[in-house]
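The values are calculated or read from the model by the stated rules, or taken from the named source; none is laboratory data. Nothing here was measured: the structure is a model prediction, and the numbers come from that model. Cβ placement follows ideal geometry from the backbone for every residue including glycine, while neighbour counts extend to all protein chains displayed. Accessible surface is based on the protein model in full, side chains and every heavy atom, while ligands, DNA and RNA are left aside. Shrake-Rupley method; radii C 1.70, N 1.55, O 1.52, S 1.80 Å.
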Amino acid sequence: HHAHAAVFYASPFEDASVLVMDGYGDSSATSAYTGSGHKLDQQWQTGFFDSLGMLYTCTTTYLGFKPFEEGTVMALAACGAPTYREKFKELIHLTDDGRFQINNDFIGYNTHGLLKPFQQKFYDVFGPPRLPGEPLEDRHRDIAYALQALTEDVVLHMARDLSKKHASRNLVLTGGVALNCVANARVLRETDFERVWVPPVASDTGAPLGSALYHYHNTVGGKRSYQMHHPFLGQQYSDADIKTALARAGLKYEHMEEKALLDRVAHDLADQKIVGWFQGRYEVGPRALGNRSILADPRSLEIKKIINARIKHREPFRPFAPAVLLDRASEFFEIDQPDPFMTMAPRVHPDKVGVIPAAVHVDGTGRIQTVRREDNQRYYDVIEAFGKLTGVPVVINTSFNCHEPVVSRPDEAISCYLRTDMDVLVLGNYY
């Protein structure tokens, strides 16, 4: 948890409260810190088995999905009703000190772990688990709704307590639970914190970065000098690598100057074409954020069906994310701060829902990514070109993959392109 919390040093804040929420760590599942300058002090931690992350993961498997498909359940929750809302609250007791405790009458990780986490009382109240592949019923949607609502309640409870006890109006959220973009947006909207920052590597993928930051600032005594403005820290491939991969695949291509390339891609998107977009260094973390992305036009609901039918083949209730120019974001979404890492799902302004329907989830939110030109010039410019052409400075951005991990190398991008019905592939300046 020290490693998770140490991403504070890469945040844009000189001071902040830091809330770490995950499945479990060395000795805890949830902890709170305060950060100021190069200092980071732990304020409290919960017990190892009082885990909001494990509750979400176990309920995910109970609903017939795999561990690490919590994002699917979060999307499913928006389709549910509050049938089990009050009863689900009994699974967690909120304490007066701004923390919480798992109700072991319903759940007991300490005896059965992930193999059999739920007590009989859970099944008596909520029914039998859904087996993988079984049809989704209203009961499953409603349990997903209750789980997500309870998660939001708990996160808000902890955040509000931190805002009362500590002066900073900045909050860093990290740990795997901090990937819950709906809860994060509510923290920004419904607490006294003025800025909320979530790193692109909030889950355990961020532990190596946090370990290095913690050691550098706390052991070595180094000064703060690095802000994580962008996630593009992965491998980059040369023009020669791209040309070799294209030749190996036998693909015809055109090398284009940047402006001509951006104009063509903008027109392709406006013509409802699906574009594979492969540029520069790949992103760290679980989100495609503009260098290993599939881009599409958000102005038609049909585009969601097209992407799912041709490429993604995933559940129809799962949303696609909008990428928007930072300086235009507040025109379309109820947000007034940057979110470059796709960690918030603010509400879409009602008058814009019909403008970007493919980017709006059934609950009226959008899991946005704000884009600054300083962070990714080419990605910004292609969105800007599309905006000048259509009046809408927003594109759909989904990860460049089918069922495999997000593509890394040119060969992987080409393979995904050839195995799907993507219309266009752009690798650097090669079209």
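Details
- Residue-normalised accessible area of region 102-258, expressed per residue, 1.4 Å probe, Å²: 49 Å²
- Region 87-156 and region 282-319: distance between their alpha carbon centers, rounded to Å: 30 Å
- Among the protein heavy atoms of region 9-76, carbon and sulfur supply 51% of the accessible surface, probe 1.4 Å, non-protein parts ignored.
- Within the accessible surface of region 323-431, defined with a 1.4 Å probe on protein heavy atoms only, the carbon and sulfur portion equals 48 percent.
- Annotation: region 332-431 has a Kirkwood hydrodynamic radius of 15.4 angstrom, from the mean reciprocal C-alpha pair distance.
- Taking a straight line from the alpha carbon of residue 87, these aspartates and glutamates sit under 15 Å away, with near neighbours fewer than eight places off in the same chain left out: 105, 124, 142, 153.
- Put a dot 7 Å past the Cα of residue 257, heading toward its Cβ, do the same for residue 44, and the two dots end up 6.3 nm apart.
- Shape class for region 182-244: oblate, because the ratio a/c of the largest to smallest gyration tensor axis (alpha-carbon atoms, square roots of eigenvalues) is 1.5 or more and b/c is at least a/b.
- Kirkwood-type hydrodynamic radius, region 190-288: 17.8 Å, calculated from all non-identical alpha-carbon pairs.
- Helical mean residue ellipticity (222 nm; -39500 (n - 2.57) per DSSP H run of 4+; nearest 500) of the chain: -9500 deg cm²/dmol
- Global geometry of region 245-302, whether rounded, prolate or oblate, following the gyration tensor of its Cα atoms and the 1.5 cut on a/c: oblate
- Highest mean first, the peptides 98-107, 335-344 sorted by other C-beta atoms within 10 Å per residue fall in the order 335-344, 98-107.
- Partners for residue 273 among lysines (Cα-Cα distance below 20 Å; same-chain residues under 8 apart left out): 252, 259, 304, 305, 312, 388
- Per residue accessible area in Å² of region 354-430, where ligands, DNA and RNA are left out and the probe is 1.4 Å: 35 Å²
- Along region 363-375 the Karplus relation, 6.51 cos²θ - 1.76 cosθ + 1.60 evaluated at θ = phi - 60°, assigns HN-Hα couplings of 8, x, 9, x, 7, 8, 10, 8, 10, 9, 5, 5, 8 Hz to successive residues, with x for each Gly and Pro.
- Between the Cα long axis of helix 181-190 and the first principal axis of the chain there is an angle of about 70°, rounded to the nearest 10.
- Modelled label reach - residue 134, point 7 Å along Cα→Cβ, region 48-66 residues with backbone N closer than 16 Å: 59-66
- Between region 15-31 and region 402-431, the Cα center-to-center distance that results, in Å: 37 Å
- Panel note: the C-alpha atoms of region 85-224, placed on their principal axes, show extents of 55, 31, 28 Å (largest first).
- Sorted largest first, extent of region 235-332 alpha carbons per principal axis (Å): 39, 33, 31
- Cβ-Cβ FRET estimate between residue 96 and residue 315, R0 fixed at 51 Å, reported to 0.05: 0.80
- Label point distance in nm, residue 165-residue 331, each placed 7 Å from Cα along Cα→Cβ: 4.3 nm
- Gyration tensor (alpha-carbon) shape descriptor, region 1-91, a/c threshold 1.5: prolate
- Spin-label pair residue 157/residue 86, simplified geometry with 7 Å Cα→Cβ offset, distance in nm: 1.8 nm
- Computed over the chain, the convex hull of the alpha-carbon atoms projects to a mean area of 20.7 nm².
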